[in-house]
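Participant: Starting off with a structure, shown below.
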Amino acid sequence: MRYIPGGTWDLDRTKAIVARMRALEEAQGYGFYPVFLKESGVIAGHAGLGRLEATPEVELAYIFDERHWGKGLATEAARGILAHGFATLGLERIVAVAFPENRRSIEVMRRCGMTYCGQARHFGRDVVKYEASSPRS
């Protein structure tokens, strides 16, 4: 949660965010989902699609517990979410943003084939923005 505004969530905030994620999925047809470790069933983080703050753009996002960093989980989840967004949901373009100092997140975007499309301002900070287009485009 180092790069997430507001930092670590307490139980009440977690419950509110989970309720919001469920409502968004119902309203939009997509959302954010827990990522489980196959071997243990432990939740390592979450990943999914949502509306990028104050825009009509669809954003790929992923958050993982630090103890699960460097294992390829974010890349695997992000690739799966992108494929689902394009093949199943019929999206034409998906974006992702990261704070410039969040090198790990930027590398995940690159490994997933996303390309840099500029800087933007979201969450009260300057961010770098990447995009991927549907293979059908």
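Participant: Confirm whether Arg93 is closer than 23 Å to Ala132 by Cβ, basic (Lys, Arg) and modelled with pLDDT of 95 or more.
Facilitator: Criteria met by Arg93.
Participant: Please work out which one of (1) modelled with pLDDT of 90 or more; (2) surrounded by fewer than 15 Cβ atoms within 10 Å (Cβ to Cβ); (3) under 25 Å from Ser133 (Cβ atoms); (4) more than 12 Å from the chain's Cα centre (by Cα) is the condition Gly70 fails and give its number.
Facilitator: For Gly70, the exception is condition (3).
Participant: How many residues, within segment 74-114, are β-branched (Val, Ile, Thr) and loosely packed, with under 14 Cβ neighbours inside 10 Å?
Facilitator: 1
Participant: Go through segment 79-108 residue by residue and tally those that are of a type in the set (A, V, I, L, M, F, W, C) and without any contact (Cβ under 8 Å) to a residue 12 or more places away in the chain.
Facilitator: Total satisfying the criteria: 2.
Participant: Starting from segment 52-78, keep only residues that are closer than 20 Å to Tyr30 by Cβ, then list their pairs with residues that are basic (Lys, Arg) and modelled with pLDDT under 95 whose Cβ atoms are within a distance under 9 Å, requiring at least 6 positions of separation or different chains.
Facilitator: Correct list of pairs: Glu57/Arg51; Val58/Arg51; Glu59/Arg51; Phe64/Lys71; Ala74/Arg104.
Participant: Sticking with this one: Could you run through segment 115-137 and say how many residues are closer than 19 Å to Ala83 by Cβ and free of Cβ contacts under 8 Å to residues at least 40 places away in the same chain?
Facilitator: Of the residues in that region, 3 qualify.
The values are calculated or read from the model by the stated rules, or taken from the named source; none is laboratory data. In this text the structure is predicted, and so the values were computed from the model without any measurement. A quick note on method: Cβ atoms are made from the backbone with ideal geometry, for glycine too, and the neighbour counts reach across all protein chains shown.
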